[in-house]
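Engineer: Below you'll find the structure I mean.
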Amino acid sequence: MAALDGTMDWDGVRVFLAVARHGSLRAAGRALGLSQPTIARRLAAFEATFGGPTLFDRLPDGARLNAAGDQLVPAAESVERAMLTLERRRAAAAPVLTGTVRVATGELCRGIPGPLPVGIGDDGTPLRHHPGAGRITTDGKPRATRGRSRLAPRTAGQRRLLRLQARHLACAVYRRRGEDTDAWVTYTEEQAHYAPARWVERQVETTGNAVALRASSMLMHVEAILAGTGRGVLPCYVGDGHPLLERLSPPIAEIAADYWMIVHRDLRRAPCVRAVIDWIRQVFAEQRELIAGEFSARTA
């Protein structure tokens, strides 16, 4: 979209990149939260600023960058990086506790018990009761920040991201209480690189016991084990807290992971981000024994 003085604004660049990445005006609209007519209008205005041919070939199944459009992508992405940097720094400088913080979790970390949301704001007010408190959503796929504050509890860092240690997370072997089964519940062949999957595979090779079920998520494993299908590896915070599950092993050291909170350095001082970091630390601290696999031994 062109501004009144004929210059381009950020919205035009943003729409151009969204259509280029998603391959259609409809998909770009979904990604940006805009209607298809709005996307079409802004894209046409953006194309008009170049005074030449269109930047996309309109096809029955979508929109594809042509040669002219393809040449603009590197410059547009450079503008995007600059604008996102400015947006992050503006958010970090905001004096009020407001905004959306999306918490992206890994397979083992998803479902850590704890009230949502909880935390302490800069003025000492609990986040739950703070006027204008930010929403917290969960997302299993950590991605680059695009316009929202994002925290990712995970095991590895990235450039320009700040790592804050959360807590050691333990796993053990569980089965349905009273069920006498030696068969295993584990991940699919496509997920054979997961640490729990590798560990179970070694047990299968050593003992010769069968694999009763391969499933792609931990939640499916929990349901299968509760149904008596077999035994399997679960986070201790899941297994020890369930009355129908019994633990068959101590925490497995080679599967345990130190989880870290990953946040962009530009956003670490934003009030809403700091409040969520405080909340995550509080939850991990309050549930320390359960997360570390110490709860079962203490209560046995």
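Engineer: Return the percentage of antiparallel bridges among DSSP beta bridges fully within the stretch 171-247, rounded to the nearest 5 %.
Structural biologist: On the way: 7 of 12 bridges.
Restricted to the stretch 171-247, the bridges split so that about 60 percent are antiparallel.
Engineer: Taking 0.36 nm per intervening residue step and subtracting the Cα-Cα distance, what contour gain separates residue 249 from residue 282 on full extension?
Structural biologist: Working: separation 33, 0.36 × 33 = 11.88 nm, distance 2.80 nm.
Length gained, residue 249 through residue 282: 9.1 nm.
Engineer: Arrange the following residues from fewest to most other Cβ atoms within 10 Å of their Cβ: 181, 207. Intermediate results must be reported in sequence, preceding the final value.
Structural biologist: Details: 181 16, 207 10.
Least to most surrounded, the residues fall as 207, 181.
Engineer: Please work out the FRET efficiency for the pair residue 50 and residue 217, using the Cβ-Cβ distance as r and a Förster radius of 45 Å; give the result to the nearest 0.05. Don't skip to the end; give the middle numbers.
Structural biologist: On the way: r = 46 Å, r/R0 = 1.03.
Efficiency at R0 = 45 Å is approximately 0.45.
Engineer: Now for a separate question. Exposure proxy check: 278, 57 ranked by fewest other beta carbons within 10 Å? Spell out each step's value before the answer.
Structural biologist: Values: 278 16, 57 13.
Ordered from fewest to most neighbouring Cβ atoms within 10 Å, 278, 57 come out as 57, 278.
Engineer: Just the Cα atoms of the stretch 10-93: what Rg and Dmax do they give in Å?
Structural biologist: Taking only Cα atoms of the stretch 10-93, I get Rg and Dmax of 13.1, 45 Å.
Engineer: What is the distance, in nm, between label points placed 7 Å from the Cα along the Cα-to-Cβ direction at residue 289 and at residue 198?
Structural biologist: Rounded to a tenth, the inter-label distance reads 3.3 nm.
Engineer: Can you tell me the relative contact order of the stretch 10-93? Whole percent, Cα pairs under 8 Å, sequence separation 6 or more. Walk me through the numbers on the way to the answer.
Structural biologist: On the way: 73 pairs, mean separation 24.3, N = 84.
About 29 percent, as a whole number.
Engineer: Take every Cα-Cα distance within the stretch 171-247, group them into 10 Å bins from 0 onward, and report for each bin the whole-number percent of pairs it holds.
Structural biologist: Whole-percent P(r) values from 0 Å outward: 22, 58, 20, 0.
Engineer: To continue, here is another question. Using mean Cβ contacts within 10 Å as the protection proxy, how do 186-198, 233-245 order, highest first?
Structural biologist: Working: 186-198: 16.0, 233-245: 20.9.
Descending mean neighbour count gives 233-245, 186-198.
Engineer: How long is the gain from residue 58 to residue 209 if the chain were fully straight, where each residue apart is worth 0.36 nm and the alpha carbon distance is subtracted? Can you show the working numbers first?
Structural biologist: Values: separation 151, 0.36 × 151 = 54.36 nm, distance 5.66 nm.
Using 0.36 nm per residue and subtracting the Cα-Cα distance, I get 48.7 nm.
Engineer: Under a plain spin-label model, where a point goes 7 Å from the Cα along Cα-to-Cβ, how far apart in nm are residue 41 and residue 181?
Structural biologist: Output for this residue pair reads 5.8 nm.
Every number in this text was worked out from the coordinates using simple rules, so none of it is lab data. None of these values were measured; they are calculated from a predicted model. All Cβ positions, glycine included, derive from the backbone under ideal geometry; neighbour counts span all protein chains shown.
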